[in-house]
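Worksheet: the structure to be examined is printed underneath.
The values are calculated or read from the model by the stated rules, or taken from the named source; none is laboratory data. Just so it is clear, the model here is predicted, and its values are computed rather than measured. Note: ideal-geometry Cβ built from the backbone for every residue, glycine included; neighbour counts use all protein chains shown.
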Amino acid sequence: MKPKRVALYIRVSTGEQNADLQVNELTDYAAFRKWEMVEPYTDKMSGAKDRRPALDRLMADAKRGKFDVVAVWRFDRFARSTSHLLRALEEFAALGIDFVSLKESIDTSTPTGKMIFTVLAAVAELERSTIRERVIAGQKAAKRRGVRFGRPTVNVDTALVGKLRKQGLSWRDISAELRVPKDTLIRSVEREVQ
């Protein structure tokens with residue numbers, strides 16, 4: 001049987017840590033499992049950053065089928081939040097890629113690992129639902145206080161717009177002259193015609 005190909009993801013915070021601990025433990029684990037190492041993907045930056053070059057490259061290579069397993073030292077080295085972790089795990093599952101977190105002893109290729117993934121998914125769903133309920137409650141409370149949502153109403157002099165159009169001005173020129181977005185001008189004129 002062909003050995004699984006594994007990608008290691010390593011992240012250390014800028015200037016404060018050394019990647020050797022993660023690299024050594026993950027390499028030893030891959031050797032123990034008799035996995036073929038594809039390459040380590042290493043970021044040296046805060047985990048809170050939205051853009052992490054090595055992680056972005058790992059996700060792109062996952063879509064290209066370059067490996068069968070992603071191994072990380074700990075969840076918090078890989079994901080910024082539970083929802084970020086869950087999205088990545090869902091993407092890996094859809095691509096047929098297993099995920100291993102060494103320190104948490106999670107391996108999604110095992111029944112226990114799949115169960116933990118299911119629990120994480122339930123927790124993330126609860127988190128999304130709770131946030132949604134809070135947002136809706138906040139919006140309702142704001143509406144009761146008279147807060148209006150959406151863009152402010154813009155009054156458009158459609159007669160002037162019509163006159164400028166007859167003079168040969170483009171929508172863009174009229175928009176610049178009246179300091180009203182072009183799409184707003186067009187919608188106002190269309191409503192007037194109806």
- request: Would you point out which residue out of THR158, THR153 is more than 23 Å from the chain's Cα centre (by Cα), modelled with pLDDT under 85 and either farther than 27 Å from ILE10 by Cβ or surrounded by 10 or more Cβ atoms within 10 Å (Cβ to Cβ) (or both)?
  value: THR153
The range 82-107 - residue that is surrounded by fewer than 20 Cβ atoms within 10 Å (Cβ to Cβ) and hydroxyl-bearing (Ser, Thr, Tyr) and, of those, farthest from LYS44 (Cα to Cα): SER105
- request: Could you tell me whether any residue of the range 170-186 is at pLDDT 90 or above, exposed (fewer than 15 other Cβ atoms within 10 Å of the Cβ) and closer than 30 Å to LEU85 by Cα?
  value: no
- prompt: Quick check, is TRP171 under 30 Å from ARG187 (Cα atoms) and of a type in the set (A, V, I, L, M, F, W, C)?
  reply: yes
- prompt: Does ALA79 satisfy being within 19 Å of the chain's Cα centre (by Cα), surrounded by fewer than 19 Cβ atoms within 10 Å (Cβ to Cβ) and not β-branched (Val, Ile, Thr)?
  reply: no
message: Regarding the range 120-139, can at least one residue be identified that is surrounded by fewer than 12 Cβ atoms within 10 Å (Cβ to Cβ), in a loop (DSSP other than H, G, I, E, B) and of a type in the set (A, V, I, L, M)?
response: no
field: Boolean, GLU133 is among the acidic types (Asp, Glu) and not assigned by TED's automatic domain parsing to the domain that holds PRO40
entry: yes
Wholly enclosed helices (runs of 4 or more DSSP H) of the range 34-97 bearing at least 2 residues of a type in the set (Gly, Ala, Ser), over 17 Å from ILE10 (Cα atoms) and in contact (Cβ under 8 Å) with a residue 12 or more places away in the chain: 82-95
query: Among the residues of the range 146-160, is any out of contact with any helix residue (DSSP H, G or I) (no Cβ under 6 Å at 6 or more places or on another chain) and touching a residue at least 24 places away in the same chain (Cβ under 8 Å)?
result: no
- prompt: Looking only at the range 1-42, which residues are under 28 Å from the mean Cα position of the chain (by Cα) and loosely packed, with under 12 Cβ neighbours inside 10 Å?
  reply: THR14, GLY15, GLU16, ASN18
